[in-house]
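Each remark here refers to the structure printed beneath this line.
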Amino acid sequence: YPDADDSIYPFPVLRYPSIDTTKLVGYRAGLPLSPELMAQVEGRHIDLIHSHCPVTSTILARMLRQRLHVPLVFTYHTKFDIDIANAIHSRLLQEASIKLLVENISACDEVWTVSRGAGENLRSLGYQGDCIVMPNGVDIPSDRLPEETVRAVSEGLDLPEGVPLLLFVGRMMWYKGLRIILDALRLLQAGGQDFRMVFIGSGADAAEVQEYAKPLGGKCIFTGAISQRETLRAWYCRADLFLFPSSYDTNGLVVREAAACDLAAVLIDGSCAAEGVTDGVDGFLIDENAGSMAAKLQEICKRPECMAQVGRQAG
């Protein structure tokens, strides 16, 4: 990531080469064979290796484990079979990539999954070892920002008082459920319900998503990616409802970030992101289609006190 600013982190960051695969899968792919990185890591005192990528990074991690003689933990947090299918169209190459992925994960000393559903997905790929469900945490404090800070983040935007403000945060990829959101909003608009929808994020499908949203006019606002944590936190506090109809995500960090700011989420019933959520208590559950989302939004947009109460209980 050539433009990354590593000075913002309270710990050292050692970078290694990668290739740009963002148009295919939304992120870069590392090139693990880096003698320079090996030398840098070997010069430090390391007690534990923790990998999050089952292919290139775990190849590197396994090489480091051989040299450092320390445990290797792997966390499975993405349905990589979907990413592989998006990036590679040959069935044989897909199968070979998944085989390598499973072999790498199986070679680790301990395997964590961020949700029960993530573990089920991993086993569907052929993994047969043990795994521990280790839910994600977030770095957003569990309270709200001062009201003047919250209001400042949307200064100059058309966000009328009393009109429900809906929010999505994440990569702008269709498989995140973005079509469900936009189709539901069209139904909502046709039913006479006013709203504003803010999309925060960037991604390979961003231009197509914005084009698809044009019939909704100025009701949809696209901010692009926001890396400043306090600005993002202010948006969570500013919104009335978080929309995340994704069956792709294995845990949904953004759902937990929203909950930390007392913002309830609309989630797909049975999805990994909805694990542990009770409809109408600490979130809202829908079927995986626009009609179901539109019906749910039509119901709860008329009950702002309900949205606020469920949001407090989500946190």
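Rule-based calculations on the coordinates, nothing more; no lab input. As the structure is a computational prediction, the values presented were derived from the model and not from experiment. Methodologically, a virtual Cβ is constructed for each residue, glycine included, from the backbone with ideal geometry; neighbour enumeration extends over all protein chains shown.
Observations
- For the chain, the relative contact order works out to 15 percent when only alpha carbon pairs closer than 8 Å and six or more residues apart are counted.
- The orientation-averaged projected area of the convex hull spanned by the Cα atoms of the chain comes to 17.1 nm².
- Per residue of the chain, the DSSP helices (runs of n ≥ 4 H) give a summed -39500 (n - 2.57) that works out to -11500 deg cm²/dmol at 222 nm.
- At most 16 other Cβ within 10 Å, DSSP loop - trypsin sites (Lys or Arg not before Pro), segment 237-298: none
- With contacts taken as Cα pairs under 8 Å and at least 6 residues apart, segment 176-315 reaches a relative contact order of 26 percent.
- The Rg/Rh ratio for segment 223-272, using Cα coordinates for both the radius of gyration and the Kirkwood hydrodynamic radius, is 0.97.
- In plain terms, the C-alpha convex hull of segment 92-220 casts an average shadow of 12.0 nm² when viewed from every direction.
- Cα gyration tensor, segment 215-315 - rounded (a/c under 1.5), prolate or oblate: rounded
- Solution diffusion estimate, µm²/s, Stokes-Einstein, segment 1-77, Kirkwood Rh from C-alpha pairs, 20 °C, viscosity 1.002 mPa s: 157 µm²/s
- For the chain, the number of Lys pairs with C-alpha atoms closer than 18 Å, counting only pairs eight or more positions apart or on separate chains, is 5.
- For the chain, a simple Cβ point-charge model (Lys and Arg +1, Asp and Glu -1, everything else neutral) yields a dipole of about 420 debye relative to the Cα centre.
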